[in-house]
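The values are calculated or read from the model by the stated rules, or taken from the named source; none is laboratory data. If you're wondering where the values come from, they're calculated on a predicted model, not measured in any experiment. Cβ: placed from backbone, ideal geometry, glycine included. Neighbour counts: every protein chain shown. Note: areas computed on protein heavy atoms with side chains; ligands, DNA, RNA excluded. Shrake-Rupley method; radii C 1.70, N 1.55, O 1.52, S 1.80 Å.
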Amino acid sequence: MSDLEASAAAIADELAADLPRLQPSGEVRFDPATLGVVVGLWLLKNVADGIAEAIKEQSQVATQTLAQRIGAAIRRRVRRDLPEAMNSGTDDTALDNAVAATESAWTAARSARTPEIPTADLVEEATLNVTAALIEAGLPPLPADRVAAALRAEIRRLLDER
């Protein structure tokens, strides 16, 4: 199991019991553990993509801090991609695709990252915006806070890897 898969599994542990709240109406998944890992990977991918996007576009929006732009980019991506993650399937191909996409996204985020934004600020902004997007998608605040705690620890660990 890769570091990203381990991070996704930690997030899935907190998400699994409430995963049905994020599923489209009338649908039931019979493998919540695998789906939870796939969704965890998608959330981590959204964080990495948001970091890279905001850093690349930092000269375009002077009214927000870089951390705020990263948070907004992450939130947009989670809102857009969560339904796709929920419908991505639970077979090995879905898991392999999610791992590959997430690894690529974190490679890009790490290479785009500059020391101008402290890790703690980035982690906090990312966590707040993923949590808000999950609540908007139907996850109640208490389970969203549990997911946020796992996500906070995993994002910090992934950001510190080189």
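The equivalent ellipsoid of the chain has semi-axes of 25, 17, 14 Å, largest first, where each one is the square root of 5 times an eigenvalue of the Cα gyration tensor. Other residues whose C-beta falls under 14 angstrom from the C-beta of Q68 contribute a net charge of -3, scoring Lys and Arg +1 and Asp and Glu -1. With the simple model of a label 7 Å out from the Cα in the direction of the Cβ, A120 to E161 spans 2.4 nm. Projection of the Cα convex hull of the range 119-159, averaged over all directions and equal to a quarter of that hull's surface, yields 2.5 nm². Share of carbon and sulfur in the accessible area of the chain stands at 52%, probe radius 1.4 Å.
Think of a 1.4 Å ball rolled over the protein heavy atoms: the chain then has 47 Å² of accessible area per residue. Compared with the dominant Cα axis of the chain, that is its longest principal axis, helix 141-160 is turned about 50°. Between T93 and L128, the simple label model (points 7 Å from Cα in the Cβ direction) yields a spacing of 4.1 nm.
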